[in-house]
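Only the coordinates and a few stated rules stand behind these numbers; no lab work does. Owing to the predicted nature of the structure, the values given are computational and were not obtained by experimental measurement. Here Cβ is always computed from backbone atoms with ideal geometry, including for glycine, and neighbour counts include all displayed protein chains.
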Amino acid sequence: MPPARSGPMAWLVVGLLFVSPAAGAASIADGAAQLELLLQPELAVDESDSGAGARYGIDPQLERAYLALSGQPTPQLSFFAQLGVDGFGRDGAWDQGFALRDAWLEWAPGPRLQLDAGLMLAPWAGHAMQRDGAQLDLSRHDALLPYPNGIAGRDVGLMVRGRILGDRLEYRLAGLAGVDTAQGHDATDYDGDGSPDAPPLNPDDIPRVTARLGWSFFDPQGGAGPAGFHTQALALESSPDGLRSPRKVLTAGVAIDHQQDALYVEQRDFTGSVSSATRVDYTAATFDLLADLPLREGARSLNVLLAGTHTMFDSDHPAAGNGVLAIAGYRVGRVQPFGSYELFDAQASSAYDRVAARLGVVYWLDGHATKLGLELGACRNGGGNDLLFEGRLQAQLRF
């Protein structure tokens, strides 16, 4: 997931979680709050596309390490806060620190309306709103939506959401901080007159707007609290007879994300030299389909996640393009083989191009809490000609 934006509002929410009477009156022992630690140690083997040195790199790392505090101290009030680090030890870098990932409060007067405020996941495609640790496969799919500078998968703001039409239709609408003028004013003097030529980004401080609609054909997605906030690509629960899938889910969704005056596109003269920078809007759209279908009274399940994205700008930005993601798995008891395909086709530049195909298997030990997974595949990045090997062996522990 791309890095999140945080700010004073997000840290204020964190403080409220710990000092407000509603949150402080109920202890973790009462069950009104839950503290979780997620660890994903991983051994990654990746083939290098450079001709010099070792062709394969072996990289032990902690793919995810997250500490989350969540709860529902009253029927109407919920909260969720999470600190974490991604890729701890990747490429030999063991100096990363924990960063704030989520910090939001929710007021839910009823099933048709929930109000969320703070640092949160933008209401986007189903695969981008999953709770960490409950994914079907092992890889990240950030290349499916290459966020430009100042736009991220998480942002600070307000969101209204709920379920209507017999809980079949879920709506989400968020107004987010988005791009700040101070984040990226291009001060380059292209014409040599002694002053910057490019106008400032988002000079009127217009919020970023993200909206999503999802239709559930069987059991509904969404609902109040942290469990309803995040998308579940698969649900598992332990029983005396082993693992079972308790829900029957088939959901189709569409979403749009827009920020006015979000980034710069360089303009070149007849010699090919950069002559100016033009301010353009950021808009992205997506559709997705998510299925979690239990078979044989839940002892087996078929899981499918499909997503398509289109990123567009006022002109040919290198990150504009089309993306496709397909993941499918079939679980028999505790064993679930899966396969995935990922493609991003940039419109103006091959630098953002990516294609990857993988096969893997997961052994679920204790629901979503504990698992062991192996994934092998090949990828091509940036318009290169060679397919490069990818492999990862990953464990998951949730306390």
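By the Cα gyration tensor, region 79-133 has an equivalent ellipsoid whose semi-axes, rounded to whole angstrom, run 30, 13, 7 from largest to smallest. Here the Kirkwood formula, the inverse mean of 1/r across different C-alpha pairs, assigns region 317-399 a hydrodynamic radius of 14.4 Å.
Normalised by residue count, region 125-178 yields a Cα convex hull volume of 113 Å³ per residue. Contact order for region 291-399, expressed relative to its length and based on alpha carbon pairs under 8 Å spaced 6+ residues apart, stands at 17 percent.
Taking θ as phi - 60° and the Karplus parameters 6.51, -1.76 and 1.60, the scalar couplings of region 78-94 work out to 10, 8, 8, 9, 8, 10, x, 9, 10, x, 5, x, 5, 6, x, 8, 10 Hz in sequence order, x denoting glycine and proline. Taking Lys and Arg as +1 and Asp and Glu as -1, the other residues whose beta-carbon sits under 10 Å from that of Phe217 total +1. Taking label points 7 Å from Cα along the Cα-to-Cβ direction, Ala32 and Ala348 give a separation of 5.3 nm.
Entry for region 85-172 at q = 0.15, 0.21 Å⁻¹: log10 I(q)/I(0) = -0.76, -1.25, Debye formula applied to identical alpha-carbon scatterers, no solvent contribution. Computed extension length for Asp142-Tyr341: 70.3 nm, one decimal, from 0.36 nm per residue of separation with the Cα-Cα distance subtracted.
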